[in-house]
Every structure is written in structure tokens, then in C-alpha cells.
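The structure appears below as C-alpha cells.
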Amino acid sequence: MAKDAGLVKETLRRVPIVPVRGSVVFPHTDTLVSFGRAKSVAAVNSAFQEDRVIAIFSQKDPRTADPGEEDLNTVGTIATITQMMTTEGEIHALIRGQARIMLRELIAEEPYLIGKVEEIPEEIEDTPDTGVLAKKVQDLFKKAINLGKQAEIMTVMKLVSGSVEPVEISDQVASLLEIKPAEKQKILEELNVKKRLEIVLEYLAKEVNALEIEQTISSKTQKRFEDQMKKAMLREKKRTIEQELGEMDEDGEISSEEFKEYKTKIKSAGMPGDVKERAEKELKRLSEMSPNNPEGAYIRNYLDWICDMPWSKATPNNVPMKKASKILEDEHYGIEKAKERILEFLAVMKLKKEEKGRKKGTGEVHPTILCFIGPPGVGKTSIGRSIAKALNRKFVRVSLGGIRDEAEIRGHRRTYVGAMPGRIIQGMKNAGTKNPVFMLDEIDKIGVDFRGDPSSALLEALDPEQNKEFSDHYLEVPFDLSEVMFICTGNVLDTIPAPLRDRMEVITFPGYTEEEKFQIAKKFLWPKQIEAQGLTERKIQISDAGLKEVIGSYTREAGVRNLERSLASVCRKIARQVAEKKKYRQKIEGSDVRKLLGSQRFTSQIAEKKDEVGMSTGLSVTPFGGEILFIEVSLMPGKGRLTLTGQLGDVMKESAKAAFTWTRSHYHELGLKPDFAEKIDVHIHVPEGAVQKDGPSAGVAITTALASALTGIPVKRHVGMTGEVTLRGRVLEIGGLKEKSIAGHRAGLTTIVVPKDNRKDLDDIPAQVKKDIEFVFAEEVTDVLKVALKKWLPDVKVQGKLTPVSALLSAN
């Protein structure tokens, strides 16, 4: 190997040591290095004044400010300083690497590092493989230069020439690789030239691959930029040419394909004049806008919405009355009031259409806004679909449960990113017609917060006098909702704001009787579940007794959702038996239901109870339908205190106090002493204490339980009662009689005592309930006691026998 003449041919040499950070100096290379540390500056100055020879070693940790022997890599490069320049305490030196050396010993650290080094001989294999590798490295390096790799021109010219030795190629290319210093150090420490070339080739190949990817990305970016510039230039030229030729339309818009398409959409959408004018104005803005303007996307989105709205598309209402009636009857059992109201609407619409044909009038029909109120599972939503089918209209359903933002109804203004129309306009677009049946589900569950009141936004949409020009914040043009048939649904009426409630015709869904549930299950639910569970071909049947067992022992609800789930469970268990090729029953009886569904979940609330003293049966209405509730009264020695428990509301507490006052003021009718209340305490409790209860209609039940406890006469267990009681003992009218009656029928009552003024509500009660239950009308509390108590007081001989109160007083 050729050596520089300045090097002394001794095995060990004593030379200045210069540590370098973040770089590696290779033999056979010219490198510009800057030295700033005091010891490095002193070492370079000393070497330059003597033989210009220094030993350069890379630091293991570049953060070490004053490295010692243990901080340096053991393999370095001995180099000659060819040029040097000093500037402001730093030395910039051009050094030429000569050979690899090994640091054997550090013999001095002041004023600079001095050590003994030994030159390491190269392992050169003069084989064809080495030459081929060197040629590959040269070719790949040339490719890297063509792809944009940075290198000094002299180095490039030297490397691409064919007269460079493999050992020089490996070191010079290694010094130019963009790799970490630690990786370069490994190349420096590799003494076998062939292996060194292989390592360099691997790193160089990775670098070339990265350069190719970068060039591809740059080329695509440049091409895209050039295409955009080209299109922009051609577009401007086209605009100028068309202006000169007069080939622009009346509005000054360019007749490009996109604008022609929007023009066609606007003309064919059937918009009103003011809406069309607004759409054309937005289209003109788009035509004058730069293609790179981000607002263009917002305008396109707006034009798409406004063009897709059903401004003039309507579904013809030509369904015959008999066919519409048959559709409603076939798909829903019961719900006669709702069916009757729909058929009335159809009749009015038909007559209006005929009148329009005769008189050429407007013939406009403003549909009444219907509101279905009732417990879950009674068919409020499903009858909406049947109404749409009966009217031959599209059906749209929007759930309002949990909505708290007014923008959900009216839409967001277009100034906001991601703005969209409200749910009503979205529903109209999805329907594709301007006269669909539009169901607003769960309207009683709309919330209010700082973002506005959605129920107030609904006022305009649900008012037949205003919704002809419904304003959505996104469209910013009026949309006609007057031909839409709105149907709202909810569980309770109380949570719907009064102004909104005033705009709707409320139809109450009271819940189903057991007979109605039986018919619904037989005609609709069982066939539906047989098909849903894949049992159609098996022709599985369920007996009437089996259905009644499911209804009576496994469900207790106003609707039929749990009933449908129970029937689905029966079908799934049979489906499993079929799939596992086990024996199964072709017809399900009552005993089979118990095997499939397990033990009974519910028993009769009344039938198994005996006549009790101080316990009566009341009736109430909840959001989930009618319910029965038991009133319990206990007496104990005390000072006349009245205790009320069972999560009672204020109104119900007042009813209990009024009932207690009535019993005290009518002591003589109950066979009691005038001062009976001074030495006893009364505790009134309504079971199911976790459920909150309120309302005045439990007054007669509380009074009856009090009278029973004070006189010791049991209350008949099959008698239920409802009604408000005054201090004078009058029984006042109550609401929800239909729901309460159905609940009493479901619980097994045979007699229900109701206020006399509720006689008019008897027409709304299902025939099956009136057949099974005797309704007694009461005007005074005494009328209730005559029916509810097992024996009426005038018939009871109290002489010689202590009443419960007398017994308590005598015990004192």
C-alpha cells in the first residue's frame, strides 16, 4: 500500500491526537475540518509547525467536552494537514487521510493529547469479485449524483473515472454516505476491502432508493403544479376569446360543462322564482371564482342541496277510501280513533280535489298535525308507516329524543365549517316529494340548553298557517311544508311545551287489553317471528292457551314489545331444537311455554290476595300506561300524628291529609268517638317506595283504606277505585279512565268505582273491559264505602264489640 512520504515507517508512532465529534475521517479522502477546543487547536498548530501529521479519532459520545483515552474509538485515521486557516480562535484545516491506525497508548494530555499509534494494514483481495463490487459502487454512485446527491465536483470526477483503486473507492464513497457517525465508524473499522465494498454498496443502494422516491414525488408535484398553471392560463384565454366572440350567456357566465349541468338542474328543479334567482346568483359567484378558492366547494354543496330539494315533486293522492281503510285494518288491530282520523283526512282531501276540478279553485288541504301520545310499544311509530301506505305517500321518520340544539331543526348557517340543513330539510330531501308523511318521533323528549330551544324552532314547521314558508338557516330560502302530513309521537303530554301542544291534535293510545294483545300476537307477532327465525317451512303453531300463557305470565305492559320479545324467545328455542335435529313440538301449548321460557315472571296482582283491613286498591296513570297501586294504613297508640311514606308527591300528600280530615269530621258515620284521633297515630304507605307517585286521584282509595283501618271492616280485594276527594266528601272527576280501566282489567279487578262525572268517558273504554268489569259511579265518599267495604257500617252491630280504635284506647 502506498504511504505518504511524510510518515515515518515505524511500528509505533508518537503523534498529536485530535478528537472529532459527529464525523469520521476516512483514508484516501480530502476533508475540511474545523477545530475549536483549546487542546485540538494546540495539537493542530504544533503538528502544522513540525511534520503536519496528526491522528484523528472519533468520539464515542459527542457530548463529552474533554475526552480521554476511554472516550475515543480505538480505530482512527492518520492524516496530513495540507492547508490551514485561523479565524477568531478556530482553525479550519484541509486534511488528507492517509491510513487506518490503532490507538495503543495515550502518553500525554497536556497541553494537548499525544499518543502512540500503530498503522493497520489493509486486507486486499486481488480477485474479480472485488473489481466487480468496486464497479457496482462506482455505477451506483454515478446514479446517485444524477438523482441529485450533493458532492464536490473534483471528488465526483475522480470517482466516476475508471482508474481508482477499490480501496480508495470504498473509503471515498463511505465518507459521502448520509448515515450516522457510528455506522461510518464501523466501515472505518472494517479492514477487508471486499467486505467494506459490500457494506458501502448496501448503504448506497438505500440512499439511491430514497433519492428515487423523492424525485418521483417532486416530479408529480411539479407536474401537478404545471397542469394547474396550464389550465388556469387556458381558462383565462378561453374567457378572453369568448368575451371577444360574444359567446357568453345573459348573466355573463362561462358555458363550461359544470355550469351547464348546474343550469340544467336549476331549470328542471321547479323552484319558485325567488329561489331560482338565489340559485342563479350563487352559480354566478361560482363562475367568477378562482378554481383554487376553497369557498367554491361550499357553494357547490349548497347548489347540490338546493337543486335536489323537491320543490314541485308531489305524490298523487288517489288511493280509494276502501283500500286505505283495508290497509289500516290489515296492519293494525284496534286504535280505532287514529284510523278514523286518517280516513277523515282522506275524505276531506278527496272532496277538495273534486271541488278543485269543478270550480278550478286552489283546493288546498292543510293537514292537521297529529300527535300520538301513549306508552311504549302500542304501535305509534308503526301506524305512521301504515298511514303513509294508506295515503300512497313517502314516509320519513326523524327521532327528536335528546336533541338540545336549535340548529338540529333549523340547520346551521353557512358561515360555519361543515354546515348542513336541519333535520326537517334533510328529511324532505330524502323523501324526494313535497307531501310525505313526516313523523317526528319522541317529541316529548326534546331538551333545552344554551344552544337554543328546538321546540320553539318546531313551532313554525308545525303551524299550518306558517309552514308554507319554512326558513332553514342553511338554505336561506323559504320551503313549503304546507302539504306535509306531520305526525308527532310521545309518551307523555306534560313535557311538550304548551304553544307546541296547541298546534297539534292529540290522539291518545291507552294501551291494549289482554284480548287485544291476544289478537295482535295471533295475527301479527307470531307469524312475524316465525318468518324472522327461519321457521316458515316448519309451520310451527301456538295454541290460544299458549299465547294467553305468554301474555298473562311473562309480560305486564301497556304495549306489546315484551310480548314480541317473549314470542321471539320461544321461536329461537324451537329453532335451536330444529338445528340440532332434536325432537320439537309442532304446536306450542301452555305447558310447553313454561318449559321454553322458564318459571312465570308475573302472577295476578289481585286474584291471589285476600280481603284485607286497612288496604285498598287504587288506579293510576304513568308514562308507560295504567297501573294499579295499593294503599296501606296502620294504626298505633300516639298523639294524632299522620305519617306518609312511599315517595309521595305534594299533591298526593295533600289528598292523604284531606282523607284523614274527612274521617275525623265524619266519626259518627264510622262509629267512632269524637276524640279518637287524639290518642292514635296513623301511618299511610303506598308500596313500591322507589317509584315516585303523585296526583289527586288516589283520594278515594286513601279514604277507603283509612275507613277500613278505623272500623276494622276489610276492603273487597276485587274492587278498585279512583277519584279525588274534597273535605266535604265529594268525589271529583279524574283523567285517564281508559288507561286505568285497562290496568284494572289486566290485574283481575271485577269492580271499579269511578266519579259520577266520568260517566261520559265510558264510551272510550274497550268493549271487553266493560264486559268483564262492573263500573260503579260515586258522587260521595259514602257511595264508595258502600261498594268497597265488605260490610257497610249501618249494617254492622258494634254494641258489645270493640272497633280497632276502641281497642287501642282501652289498651291505654
How far is it, in nm, from the label point at D650 to the one at K581 when both lie 7 Å from their Cα along the line to the Cβ? 7.1
Could you calculate, for segment 362-424, the ratio of the Cα radius of gyration to the Kirkwood radius, expressed as Rg to Rh? 1.07
What translational D, rounded to a whole number of µm²/s, comes out for the chain from Stokes-Einstein when the hydrodynamic radius is the Kirkwood one over Cα pairs, at 10 °C and 1.306 mPa s? 43
Among DSSP bridges having both ends in segment 395-518, what percentage is antiparallel? Round to the nearest 5. 25
Counting only protein heavy atoms and rolling a 1.4 Å probe, one gets per residue an accessible area for the chain in Å² of 52
Kirkwood-based Rg to Rh ratio, segment 695-790, C-alpha trace: 0.95
How far is the Cα center of segment 68-121 from the Cα center of segment 542-564, in Å? 97
Measuring from centroid to centroid over Cα atoms, what is the spacing of segment 709-724 and segment 123-148 in Å? 109
Output the pairs from K337/K389; K267/K350; K322/K522; K326/K740 with a Cα-Cα distance over 26 Å in this structure; if there are none, say none. K267/K350; K326/K740
Arranged from highest to lowest average of other beta-carbon atoms within 10 Å per residue, in what order do the peptides 760-769, 658-667 appear? 658-667, 760-769
With the radius of gyration and the Kirkwood radius both derived from the Cα set of segment 515-559, what is their ratio Rg to Rh? 0.98
With the crude spin-label approximation of a point 7 Å out along Cα→Cβ, what separation in nm comes out for K770 versus E189? 10.4
FRET efficiency for L343 and S665, using Cβ-Cβ distance with R0 set to 45 Å, rounded to 0.05: 0.25
To the nearest 500 deg cm²/dmol, what mean residue ellipticity at 222 nm is calculated for the chain from DSSP H runs of n ≥ 4 alone, each contributing -39,500 (n - 2.57), summed and divided by the residues? -13000 deg cm²/dmol
Count the net charge of all other residues whose Cβ sits under 12 Å from the Cβ of M636, scoring Lys and Arg as +1 and Asp and Glu as -1. +2
Rounded if a/c is under 1.5, else prolate if a/b is larger than b/c, else oblate: which is segment 408-556, with a ≥ b ≥ c the root eigenvalues of its Cα gyration tensor? prolate
Every cysteine in the chain with no other Cys Cβ under 4.7 Å from its Cβ, please list them in numeric order. C307, C571
Out of the total accessible area of segment 93-158 (probe 1.4 Å, heavy atoms of protein only), what percent is carbon and sulfur? 53
Gained length - K657 relative to K595, 0.36 nm times residue gap less alpha-carbon distance: 17.4 nm
Quick one: work out the % antiparallel among DSSP beta bridges in the chain, nearest 5. 60
The base-10 log of I(q)/I(0) that the Debye equation returns for segment 571-708 at q = 0.15, 0.16 Å⁻¹, one scatterer per C-alpha, is -0.79, -0.86
Using Cα-Cα distances under 8 Å and only pairs 6 or more residues apart, what relative contact order does segment 618-678 have, in percent? 24
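The values are calculated or read from the model by the stated rules, or taken from the named source; none is laboratory data. Quick caveat: nothing in here was measured; it's all calculated off a predicted structure. So basically every Cβ, Gly included, is an ideal-geometry build from the backbone, and we count neighbours across all protein chains shown. What goes into the accessible areas is simple: the full protein's heavy atoms, side chains included, and nothing from ligands, DNA or RNA. Shrake-Rupley method; radii C 1.70, N 1.55, O 1.52, S 1.80 Å.
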